[in-house]
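Below: one structure, written as structure tokens.
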Amino acid sequence: MTLDLKALKREVRRSGVKPTRLLEIAALDPQLSRFVGSVPSAPAAVLATLSQSADIPTRRAVASNPVASASILDDLARDHSLQVLKAVAMNPNTSSDTIDALVNHSQPTVRAATLRYSPRPPGLLERLTNDPHPGVRMEVAGDAYLTPAQLLVFLSDSNPKVRERALINGKCDDAHRVNALRDNDTQVRFSALNFLSLGRKTSLGLMERAGRSRASLTLQVIEALSRDESPHMRARFAFYLRTGEYDNDIEPSEKIEIARRLRSDTSADARTQAQAILEGAHP
């Protein structure tokens, strides 16, 4: 017999359904088990039973349920599934002692998931800031609640992917992005250049955030960009130079001089952009 899943889910959502009936429905199909485990109206006894299910998505549904009790979540915090553990780490009903244990979990994805826990226990952000795994530090580097001092730690992180994530944090100012144009990693420099240029495209409606200062590029920085060791970087800079994003930072004569040099660049894309500048082309 084919199950009418929609009708059964409607029954689950109705108030007053007995726990025994909910468990009967959950036993009919994994989809129903997961659904029952996720509904906020599920009684504690039902969630406790489903938290022992052999089906991982069902246990994850219980771990994500906003009415799951701290005791159920504490038990699920010993689960072997990383998906379940991450759901426990993000559930606001999880006890602070369990969160404290998950911050020390051997798997970095579980430790990173505690960043989504609210309210955050004192010292959580600091502990994750010093996490040995770059994947965890990347998550923290993008956090909206970092202090300026904490953000600086990530901007100087030993891992370029962490530094790159810090650059796109909303609290990062343009002065730090200008400094990142000298980074020893090509992708970090590339991201810094793109983010700086993006903030200048006011004609496309991409206005800078209110109250944020816009850092100008010095001629020294512009010269360095035009001579960057990465052909991809030089080509991208030449494109932005052609589109006029840096016209407020550079004299027309200096722009022409750089374009003349880039016209013989080893990068075909840079040469194309430079030629367009010299011919007075517009984007």
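Worth a mention:
- Note that the stretch 7-105 presents 48 Å² accessible area per residue, ligands and nucleic acids not counted, probe 1.4 Å.
- The modelled label-to-label distance for the pair Ile168/Ala7, using points 7 Å beyond Cα in the direction of Cβ, is 4.8 nm.
- The distance between label points at Ser118 and Ile256 comes to 5.6 nm (points 7 Å beyond Cα on the Cα→Cβ vector).
- Which labelled figure in (1) 197; (2) 124; (3) 152 is volume of the Cα convex hull per residue in Å³, once derived from the coordinates: (1)
- A straight Cα-to-Cα reach below 26 Å connects Lys18 with the lysines Lys6, Lys9, residues fewer than 8 places away in its own chain not being considered.
- Once the Cβ-Cβ distance of Arg127 and Glu279 is raised to the sixth power relative to R0 = 45 Å, the FRET efficiency obtained is 0.20.
- Label-zone membership for the stretch 234-268, site Thr186, 7 angstrom Cα→C-beta point, backbone N under 12 Å: 234-236, 267
- Carbon plus sulfur fraction of accessible area for the chain, probe 1.4 Å, in percent: 53 percent
- Ser106-Asn179 FRET efficiency (beta carbon distance; Förster radius 45 Å; 0.05 resolution): 0.80
- For Arg14 and Asp74, the FRET efficiency from 1/(1 + (r/R0)^6), where r spans their Cβ atoms and R0 equals 35 Å, is about 0.70.
The values are calculated or read from the model by the stated rules, or taken from the named source; none is laboratory data. Just so we're clear, the structure is a prediction, and the values are computed from it rather than from any experiment. Glycine also receives a Cβ, built like all others from the backbone with ideal geometry; neighbour counts cover every protein chain displayed. In case anyone asks, the SASA skips ligands and DNA or RNA and just uses the protein heavy atoms, side chains included. Shrake-Rupley method; radii C 1.70, N 1.55, O 1.52, S 1.80 Å.
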